[in-house]
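Read through the structure below, which is laid out as structure tokens, and then see the notes.
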Amino acid sequence: MEQVRREHLHISAIAHFRDLLDAFPTPAVILDHFHQIVAANQWLCGFLSRGEDELLGMRIGEALRCVHLADVNGECGTSRFCETCGALEAILDPQRPGGKEVRECTITFETDQGERALDLRVTASSLDLGATFTVLVLNDISDVKRRAVLEQMFFHDVLNTALGVRNLLEVLPALSDQHRREAAGLAFQLVQYLIEEIVAGKDLAAAERGDLAVHLMSVDASEILKNLCDFFANQPVNRGKEVVVKEISGPCMVTTDKVLLKRVLGNLVKNALEASVEGQEVGLSYQNRGPAVFRVHNEAAMSEEVRLQVFRRSFSTKSLVGRGIGTYSAKLITERYLGGSLSFTSSEEEGTTFTVTLPGRMSSPARSGVPTR
């Protein structure tokens, strides 16, 4: 810290440097050779509600309270998740004279209201001030990313489903009575799927704002799993695959929010189906030996890169724009609103299993400030 304070005084003594740093219209910091903060502008201090003196000596993940700090005793840059952190990559690359790097990253950090995800465009530039420092500028692009996700969802998933309904309706008059009834049933299922996609996007936006309503009731776990099997039976994502219930054991009644639980499990089933190929099945199971445990299993294994980023909001294995919000949404709703936890395991031998663990009984919403409906 003595070295950090000497560097801070050295930078602060440079004429007009403080004014230049505060002139950035977005959070910015100066880092030393060890990636420690030696100066921070007013925008970052205001965003974090912390004074500059408190931030000195911290690394950027520590200042932002990155959730992965808990994995490595609070030392930013040393967890396995840091291997895919765009902010760290940007910091490391320009540490040479004239170096500059621009990267994107998603940082999940702790707030008084729980975890929050922030999508950032990080610009790191080398700066020679007698010694080599790094200027790190953080641009919040969360709205851009969120809009890209919603556009992709509406322009791709929703449009494809709507086209399927239109095609069925076009051929309906030419079909026999029996085939007409079958086509009408399929059209109804597609419309249901369409509604689910739209409501899922609406619920995710509400969950991130912190005002998603929670309605506790006694829920039959076996009925939930059966409904999921029936719902996905004829969905486009399920073509050539199958969703089956593998196990139900213990008391089936769980006190939770039925709609939100179905949203969580539905997102996990959809992701599992998208990761599967024709001929494979997605297995559902439920056990209750105190906490209620739901599992969604598919036969494919995730790569290491996917495992490290699977709960990031804007990460997707399917496109650069990012449609992979299912696991992020499921984790957000499970942990912030249902008072439970969401974890996963993945290996070549066992495939991938997501596990939703809910408390044996919830008498109130998991976090204060969350309204009931």
### Query
Which number in (1) over 23 Å from residue 358 (Cβ atoms); (2) of a type in the set (D, E, K, R); (3) touching a Gly at 6+ places or on another chain (Cβ under 7 Å) marks the one condition that residue 246 misses?
(1)
### Task
Report yes if some residue within region 66-76 is outside the structural domain of residue 306 (by TED's automatic domain parsing) and at pLDDT 85 or above; otherwise report no.
yes
## Note on the structure
Reported set for region 257-277 where residues are in contact (Cβ under 8 Å) with a residue 40 or more places away in the chain and small (Gly, Ala, Ser) is 266, 272, 275
### Query
Do we have residue 150 as over 20 Å from residue 232 (Cβ atoms), assigned to a loop (DSSP other than H, G, I, E, B) and at pLDDT below 85 here?
no
### Query
Given the conditions (1) assigned by TED's automatic domain parsing to the domain that holds residue 249; (2) modelled with pLDDT under 85; (3) surrounded by fewer than 16 Cβ atoms within 10 Å (Cβ to Cβ); (4) assigned to a loop (DSSP other than H, G, I, E, B), and given that residue 363 satisfies all but one, which numbered condition is not satisfied?
(1)
### Message
Just to verify a result, which residue in region 228-247, among those that are farther than 14 Å from residue 297 by Cα and over 25 Å from the mean Cα position of the chain (by Cα), is surrounded by the most Cβ atoms within 10 Å (Cβ to Cβ)?
### Response
234
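Here is a yes/no grid of residues against (1) at pLDDT 85 or above; (2) part of a strand (DSSP E or B):
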site: 155; (1), (2): no, no
site: 184; (1), (2): yes, no
site: 193; (1), (2): no, no
site: 198; (1), (2): no, no
site: 227; (1), (2): yes, no
site: 230; (1), (2): yes, no
site: 248; (1), (2): yes, yes
site: 265; (1), (2): yes, no
### Members of region 253-292 that are basic (Lys, Arg), more than 17 Å from the chain's Cα centre (by Cα) and either crowded, with 24+ Cβ neighbours inside 10 Å or within 22 Å of residue 242 (Cβ to Cβ) (or both)
262
#### Entry: Those residues of region 323-360 which are among the charged types (D, E, K, R) and modelled with pLDDT of 90 or more, in sequence order
348, 349, 350
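The values are calculated or read from the model by the stated rules, or taken from the named source; none is laboratory data. Note that the structure is predicted; figures quoted are calculated from it, not measured. So basically every Cβ, Gly included, is an ideal-geometry build from the backbone, and we count neighbours across all protein chains shown.
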